[in-house]
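Working notes, structure below.
FYI, it's all coordinate maths here, none of it is from the lab. What you see is a predicted model, and the numbers here were worked out from it, not measured in a lab. Because the Cβ atoms are built from the backbone with ideal geometry, glycine has one as well, and the counts that use them run over all protein chains shown.
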Protein chains: 2
Amino acid sequence: MTKRIKPSTRTKPAKRRTTIRAAAARIPKVASAKLAEARPPANRAEKSAERRAAIVEAAMDEFIARGFAATRLDDVAKRAGVAKGTLYLYFKDKESMFEELIRTALVPLISRMTALPTITGPVRDAVEGFAETFIREIVSTRRGDIIRLIVSEGPRFPAIADFYFREVVSKGLTGMKALVQLAITRGEIKHRELGDFPQLVVAPAIVAVIWQSLFARHAPLDGLAMFKIHLDLIFGERRQT
Amino acid sequence: MTKRIKPSTRTKPAKRRTTIRAAAARIPKVASAKLAEARPPANRAEKSAERRAAIVEAAMDEFIARGFAATRLDDVAKRAGVAKGTLYLYFKDKESMFEELIRTALVPLISRMTALPTITGPVRDAVEGFAETFIREIVSTRRGDIIRLIVSEGPRFPAIADFYFREVVSKGLTGMKALVQLAITRGEIKHRELGDFPQLVVAPAIVAVIWQSLFARHAPLDGLAMFKIHLDLIFGERRQT
DNA sequence: ATATTATGACTGACTGGTCAGTCATCGTCA
DNA sequence: TGACGATGACTGACCAGTCAGTCATAATAT
């Protein structure tokens, strides 16, 4: 009774449902999502919001640990403490869930980047502050894994890559370029060409993120210390503190 | 072999549901039969090597395009022009295939990195040569995607991450650190702390790889030009050529 | 040299298990 | 009580891995 209806899309599957899962290690269970509720039974809207948050949290953990294709929604549901059908009350399908998660996770990051234009002192201090924030809020947290996830799945989710480029990368680099230009006019930076490649300023931060995901257990990396040396290269020798 | 006892567990071929395969998949046989001049019929060992190469090539393309979990071995087989069962004559299972592929793909990269210790001129020239090679051989080719693949799947394949760290990253950074130290003793580099973070030297190359995969279609990036500016920061202003 | 047999590379239909998405039913809150 | 959120058993597509059978080629016999 095998009905193998194979559509004759010879050249390209294009829009196919992703299945499968990778043989991989178990994810460490962090915490039972729904266990100790300090909250007394809330009203419906409140409960709904809590549930949604639990799902988002659980899905994030699973997607980070396994990637999109290998993540099972059964696991997400179990981790969130809901039934699988419940997921579909909050998200259209697996793909929508993934994309929405990635977008949502970036909102604080965007706020962080747009909250920098107040420069009271040397530009170097502003950039250093940016680096400290970045290391503390991203490299040392789960958000770093989200960046790795974007790098991983970006090519297969053009919508995500587009969104990320438009909302984060493009804006971030524009802001950084403005900072560099300001520093150049102030004489803090000598190399005028640096304005052409603001990527150079943030490159060590990206490397720190990747290092953290892949090699931290082999050789820990002090991302902030590294970044400060990097700033010495850009701004000239460090003014002693 | 005159036993024609047909085992009952096997059903007869019956009808072929779908046209077995696209005609193009049969090319190898046709080519050797009709166009004998290009490729004389090889012996078994030679044929086997060719087949293996075809499988490796096809698997690489599929894994790069879809990642490990979402890649179907049916597709790999089709692309390689062999039956699925044939894959298992050359590889134990999907996971072994993936790991072996990643390892193999890195061999030329390793050779490249260990083939640099002959420094005839300024250290900067050596590093710039390294960068040119890296951009030309990796960023602009499929090898860049392999690096992205390692970043993507590394956390789920600790064996790959370990191998890569041991054989490439560790050795590469050690070599780079030696270069930096040499440049410091020669006076080409002022910042002595750079020796503590050789990652800083190669960071723009990593960023170029990622950019190429994710954002090239939005905004092309001249990796080599960027790297040269980076070298200006490290070695001081560029000596005009 | 030609015929016969042996080898094993290759094939692809098939199995067993997985998992995204559905929906009839249940429970709970307003 | 009625409406709606929640459930989880269920469906069926999907796919890694298997293996009985085929056939080109090598080995051996005539």
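At 4 °C and 1.567 mPa s, grab the translational diffusion coefficient of the range A:44-91 from Stokes-Einstein with a Kirkwood Rh over Cα pairs, rounded to a whole number in µm² per second. Could you put the intermediate results ahead of the total?
Numbers: Rh = 10.6 Å.
Rounded, D is 122 µm²/s.
Given Cβ point charges of +1 (Lys, Arg) and -1 (Asp, Glu) and nothing else, what value in debye, to the nearest 20, does the dipole of the range A:44-91 about its Cα centre take?
Rounded to the nearest 20 debye, it is 160 debye.
Label-point separation (nm) for residue B:114 and residue A:166, each offset 7 Å from Cα along Cα-to-Cβ?
Inter-label distance under the simple model: 4.8 nm.
With charges only on Cβ, +1 for K and R and -1 for D and E, what is the dipole size of the range A:100-235 about its Cα centre, in debye, rounded to 20?
I would put it at about 80 debye.
To the nearest whole number, what is the average tally of beta carbon atoms from other chains within 10 Å of the beta carbons of peptide A:199-208?
Taking all residues of A:199-208 together, the mean is 6.
Using a basic spin-label model with each label point 7 Å from the Cα along Cα→Cβ, how many nm lie between residue A:181 and residue B:100?
Going from the residue A:181 label point to the residue B:100 one covers 5.5 nm.
Nm distances between the label at residue A:133 and the same-position labels in the remaining copies, 7 Å along Cα→Cβ, shortest first?
Copy-to-copy label distances at residue A:133, shortest first: 4.1 nm.
Using a/c under 1.5 as the rounded threshold, could you call the range A:131-195 rounded, prolate or oblate? The axes a ≥ b ≥ c are square roots of the C-alpha gyration tensor eigenvalues, and prolate needs a/b larger than b/c, oblate otherwise.
In terms of gyration-tensor shape, oblate.
At 7 angstrom along the Cα-to-beta-carbon line, where would the label on residue A:96 sit relative to the other copies? Give the distances in nm, shortest first.
Distances between equivalent label points, in nm: 4.3.
Provide an ascending nm list, one decimal, of label-point separations from residue B:48 to the equivalent residue in each further copy; define each label point as 7 Å from Cα along Cα→Cβ.
Values, ascending and in nm: 6.5.
Give me the inter-chain shielding for B:65-73: mean count of other chain Cβ atoms within 10 Å, whole number please.
Mean partner shielding for this stretch: 6.
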